[in-house]
Amino acid sequence: MRAGSAVTDSLLRRDLGWQRMAMRLLTVAVVASFVLGCGGGSPAPPAAPPVTPPIGGTSGLDQRPSNTACVAWARPTGIDAITLPELFAPLPNFASPVAMLQAPGSSARWFVVEQAGRVRVFDNQPAVSVHTSFIDIEARVVDGGERGLLGMAFHPDFPADPRVFLSYTTGTPLVSRIAAFTTPDNGLTLDPASERILVTVNQPEDNHNGGHIAFGPDGFLYIGLGDGGGGGDNHGAIGNGQLATTLLGKILRIDVGAETATSYSIPSDNPHVGNPQCGGNGTGPQSCPEIYATGFRNPWRWSFDRDTGDLWVADVGQNMWEEVSLVERGGNYGWRLREGAHCFNPSSNCPTAGLIDPVTEYDHSLGNSITGGYAYRGPQSTSLRGRYLFGDFVSGRIWAWLPEAAAQPRQPTQLADTALNISSFGEGNDGELYVVNYGGTLHRVVFQAAGSGGTVPNLLSATGCVAGTDATQPAAGLVPYTVNAPFWSDGADKQRFLGLPNGQNITVTADDWELPGGTVLMKQFRLGTRLIETRLLLRHPDGVWGGYTYEWNGQQTDAARVQGGAIRDLGGGQQWIFPSESQCLECHTSAAGRSLGLETAQLNRSFTYTATGRTAHQITTLNAITMLSPPITADVTTLPALVDPADTTATLANRARSYLHTNCSQCHRPGGPTPGSMDLRYATPLAATNTCNAVPTGGTLGIANARLVSPGNAAQSVLPARMNRRDAHGMPPLGSIAVDTAGVALINQWIASLTGC
């Protein structure tokens, strides 16, 4: 763990929704002055779609519907606490335990890894009083401090595939070793003599060995290794964490193959696939193909979210900061250039380009040695379902990552303050969580309801936002609407509805539409005729926004709330992302006004209202049923309007800029959450977007002479290259699995048409 501490050395962002433009309700002359393109003059601004009728004409609805049912509930304000009752108390204490786990598909037994080189096994019974040896390799393990038997992983098909993988330190000089052992008796024990060594990594120091191993949802074996020890990763000019020719300071991913394999292969999408393997001693002549992600100091415990596949990695800090990162293939997480989200090297040598900050961190006033945990997916009823829980070995504190409750950027929420030395967390096959105390005891995580604030309905039918007799239909009090430039949602069709509390109106200001407390926005997602998801974006009565998602059952009779996000396999090779509560607000940014689609340029169009069968203009209708305050009195043909990016009758520039506004500008605008200065709002002149001929500050993706937007040269432009990826370097960074190939083609075509800025 952290060098220099006697105690620690003892062990060890989918729906982005719709954007709001900061533009006034302009006259035709002012709108015509917008500069939306470059080279060859500026294209004319888009005209509004054909309107039937103009302001003052027929409304699409006869009256404002009464809405008493679909109103935002009070915001849940209490955070569940946890208790940690000791389990299996009749058992003798374990000797320096560092992990606990169950075999795949069997909850009958527990396995506890002891640092000295033994794995204990016992029956999963509360009164169990005896544990036995699963394997003992103490004679070949060098332990003490941060050395020892540090990780264990069952093959996903165990015991049909009889292999279990162990990670331990051994030898003089010290090496980290990943080896496979087999069971001779259908899983009762492992044979120490069956060892087949897969990976060996030379360790320059005794500490920062990492050592955690686990199989990912892709079936590959992941390995976490520290930076080689000492202090400050003082290994070469850039440190092992940043050096691609060593396995140290990395998360690795290898394919361990079939049962009889004595070596491993490299997954075809690893960043450096094709280069010579480095598993013989941990180094190679080229970038090591085993590397999955880079820039770690000492990743001590990490896990995959069983519902989403997210890889959560806890990395032990040096002087100031302990951190948790969401890790993706090819990502660089900063060490030793940065510790957490802060410069570690002198500020004059603290680049940020291409480096990914942690999602959460805490300083050494709260703890000194982080221990990674799990996203909770067990059966207990708790507001913390789907939230990532982790702890600290030194302070004994346990936290959850709740971005919407963060007191400052990246500050986690404390759940418990214990006297335990938390060496590890365990996850049962049922999703329940456990804490491993280095002092020798095991504890279960039990959630205690906070009991304050509002209650989120668990079924869509209980929200009041759908019809009582048919949950696939909106409640009578909702007003349907559509937008000019729809957001890419992995090919889904969408229906949108507005629930405005009785007596409340939308405030139309010069720059924005503001929704009152109590408002509910509902969006239905369909693939073909099948409802997949319903999302509710609420402005709670206290003015705070919240997002909630519901997954439809196979019978299409109701939808159940998904807490903490999830990824589901829909069949036919398609997966679907249900965003977490925090991801909803990461995309529905405050800079973009949260609701996004409710803005003049998006709503400036006609719509056919099912209730009356009439096709009428949406702004006309909202005026007529007295939902806008003050009403919009200008003729709609004089108001700004986005265009559908798929509408080939519109100009190329208008289509491209509408696409970027809808899909990107909620983050890339003044006041947005991104570190760059891009402004991709539709009304921003291209020269002022800070993209045209601009050198990327967040990495070049290997593009020579790269620019964010290189006029006339799409292949040299990073913007469409990021759109064409779904990894740590892709855009959007969350909420989408499938690349919008038509959108990428549109932006490439637009860039190719540019002749200047």
Checklist entry - Taking the stretch 343-353, which residues are out of contact with any helix residue (DSSP H, G or I) (no Cβ under 9 Å at 6 or more places or on another chain), surrounded by fewer than 18 Cβ atoms within 10 Å (Cβ to Cβ) and not polar (S, T, N, Q)? => result Pro346, Cys350, Pro351, Ala353
Checklist outcome for this item: Checked against (1) within 26 Å of Pro516 (Cα to Cα); (2) of a type outside the set (Gly, Ala, Ser); (3) at pLDDT 90 or above, Arg75 satisfies every condition except (3)
Item to check | Residue among Asp310, Asp233 that alone is open to solvent by less than 40 Å² (accessible area, probe 1.4 Å) and closer than 22 Å to Glu361 by Cα | outcome: Asp233
Checklist entry - Can you name the residue in the stretch 720-750 that is loosely packed, with under 14 Cβ neighbours inside 10 Å and not hydrophobic (A, V, I, L, M, F, W, C) and is also nearest to Cys667 (Cα to Cα) among such residues? => result Asp727
Item to check | Pick from the stretch 560-573, criterion within 19 Å of the chain's Cα centre (by Cα) and open to solvent by 20 Å² or more (accessible area, probe 1.4 Å), ranking: farthest from Leu527 (Cα to Cα) | outcome: Gln563
Item to check | Meets criteria (touching a Ser or Thr at 6+ places or on another chain (Cβ under 9 Å), closer than 17 Å to Leu734 by Cα and open to solvent by less than 50 Å² (accessible area, probe 1.4 Å)) for His617 | outcome: no
Checklist entry - Taking Thr638 and the conditions (1) closer than 23 Å to Tyr481 by Cβ; (2) in contact with a Phe, Trp or Tyr (Cβ under 6 Å, 6 or more places away or on another chain), which numbered condition does it fall short on, given that it satisfies the others? => result (2)
Checklist entry - Phe158 fails exactly one of the following numbered conditions: (1) part of a loop (DSSP other than H, G, I, E, B); (2) open to solvent by 50 Å² or more (accessible area, probe 1.4 Å). What is the number of that condition? => result (2)
Item to check | Condition check for Gly40: modelled with pLDDT under 95, over 37 Å from the mean Cα position of the chain (by Cα), within 30 Å of Pro711 (Cα to Cα) and part of a loop (DSSP other than H, G, I, E, B) | outcome: yes
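So that you can scan it fast, the table gives a plain yes or no per residue for (1) surrounded by 20 or more Cβ atoms within 10 Å (Cβ to Cβ); (2) modelled with pLDDT under 95; (3) within 25 Å of Gly284 (Cβ to Cβ):
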residue: Ile135; (1), (2), (3): yes, no, no
residue: Ala139; (1), (2), (3): no, no, no
residue: Gly151; (1), (2), (3): yes, no, yes
residue: Tyr168; (1), (2), (3): yes, no, yes
Checklist outcome for this item: Across (1) modelled with pLDDT of 95 or more; (2) open to solvent by less than 10 Å² (accessible area, probe 1.4 Å), Thr557 clears everything bar (2)
Checklist entry - Got at least one residue in the stretch 286-301 being over 20 Å from the mean Cα position of the chain (by Cα), open to solvent by 20 Å² or more (accessible area, probe 1.4 Å) and farther than 30 Å from Phe390 by Cα? => result yes
Next on the checklist: Looking only at the stretch 684-702, count every residue that is in a loop (DSSP other than H, G, I, E, B), surrounded by fewer than 20 Cβ atoms within 10 Å (Cβ to Cβ) and over 26 Å from the mean Cα position of the chain (by Cα) and tell me the total.
Outcome noted: 5
Item to check | Test: residue in the stretch 430-438 that is of a type in the set (Asp, Glu) and closer than 30 Å to Pro670 by Cα | outcome: no
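Quick grid of which residues meet (1) surrounded by 15 or more Cβ atoms within 10 Å (Cβ to Cβ); (2) charged (D, E, K, R); (3) modelled with pLDDT under 95:
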| position | (1), (2), (3) |
| --- | --- |
| Pro65 | yes, no, no |
| Ala69 | yes, no, no |
| Glu86 | no, yes, no |
| Met100 | yes, no, no |
| Glu114 | yes, yes, no |
Checklist entry - Restricting the search to the stretch 385-414, which residues are farther than 18 Å from Gly547 by Cβ, open to solvent by 20 Å² or more (accessible area, probe 1.4 Å) and not β-branched (Val, Ile, Thr)? => result Ser395, Arg397, Ala407, Gln408, Pro409, Arg410, Gln411, Gln414
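Would you confirm, using the coordinates I've provided, whether Leu719 is within 22 Å of Leu596 (Cβ to Cβ), touching a strand residue (DSSP E or B) at 6+ places or on another chain (Cβ under 9 Å) and not in a loop (DSSP other than H, G, I, E, B)?
Spelling it out, Leu719 is indeed within 22 Å of Leu596 (Cβ to Cβ), touching a strand residue (DSSP E or B) at 6+ places or on another chain (Cβ under 9 Å) and not in a loop (DSSP other than H, G, I, E, B).
Using the structure shown, decide if Glu146 is among the acidic types (Asp, Glu) and touching a helix residue (DSSP H, G or I) at 6+ places or on another chain (Cβ under 7 Å).
Numbers: among the acidic types (Asp, Glu): yes; touching a helix residue (DSSP H, G or I) at 6+ places or on another chain (Cβ under 7 Å): yes.
So Glu146 fits the description; yes.
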Next on the checklist: Take Ala706 and tell me if it is open to solvent by less than 50 Å² (accessible area, probe 1.4 Å), more than 30 Å from Ser582 (Cβ to Cβ) and aliphatic (A, V, I, L, M).
Outcome noted: yes
Checklist entry - Can you tell me which of Arg526, Arg496, Arg535 is of a type outside the set (S, T, N, Q) and open to solvent by 50 Å² or more (accessible area, probe 1.4 Å)? => result Arg526
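The values are calculated or read from the model by the stated rules, or taken from the named source; none is laboratory data. Note that the structure is predicted; figures quoted are calculated from it, not measured. Quick reminder, even Gly has a Cβ in these numbers, built from the backbone with ideal geometry, and neighbours come from all protein chains shown. Remember, those area values only see protein heavy atoms, side chains included, never the ligands or the DNA or RNA. Shrake-Rupley method; radii C 1.70, N 1.55, O 1.52, S 1.80 Å.
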